[in-house]
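Undergrad: Sharing a structure here in structure tokens format.
No lab work stands behind these numbers, since they all come straight from the coordinates. In this text the structure is predicted, and so the values were computed from the model without any measurement. Virtual Cβ from ideal backbone geometry, glycine too; neighbours counted across all protein chains shown.
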Amino acid sequence: PSAAPSITLATNLSSTSILVQWTAIPASHVRGVLLGYRVYFKSVHSTAYLSNRTRPSEVRVVLRGLDAYTGYTIQVAAFTAKGEGPRSKPVYLNTSQDVPDLAPPNVLAMNQSSTSLLVTWDPLPAGHARGKLAGYRVWYRAL
């Protein structure tokens, strides 16, 4: 193909999935039989692109299994039996926030008096907040 598709929509469906939609390339630019599209994506933490392949009639795909609260670069290219055409202009999108995937480490509770406890913990390790950490909640119950 001699033309690149244009990405018309890239939006979060969840913290780990993105919907990507593009315009089909005109038949005059296919130069053979269109076999489909490849959707390339990579996170800001990676140097290598991953790709999903679609059928020629499909102009949208849901990218799944992504990391929460992470920036992604996305591009689309059409391909024939002879090879792949140019990639679309890149689109940049962050996946949504999610809940932390780890409890705070090293939680300790110490008696301060007959009616109070001091509770301490270490911060979550980098990458486990999966968003902007808004704070901590402490639950307790009498035994």
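Undergrad: Based on the mean of other Cβ atoms within 10 Å per residue, sort peptides 120-127, 14-21 so the most packed one is first. Before the final figure, lay out each step's value.
TA: Working: 120-127: 11.4, 14-21: 17.6.
Highest to lowest by the protection proxy: 14-21, 120-127.
Undergrad: Here's another thing I want to ask about it. With a/c under 1.5 counting as rounded, go ahead and sort region 99-142 into rounded, prolate or oblate using the C-alpha gyration tensor (a ≥ b ≥ c being the square roots of the eigenvalues; past the cut-off, prolate if a/b is larger than b/c, else oblate). Before the final figure, lay out the partial values.
TA: Values: a/c = 3.20, a/b = 2.39, b/c = 1.34.
Prolate.
Undergrad: Still on this model: For the chain, what is the convex hull volume of the alpha-carbon atoms per residue, in Å³?
TA: Working: hull volume 17.8 nm³, N = 143.
Roughly 125 Å³ of hull volume per residue.
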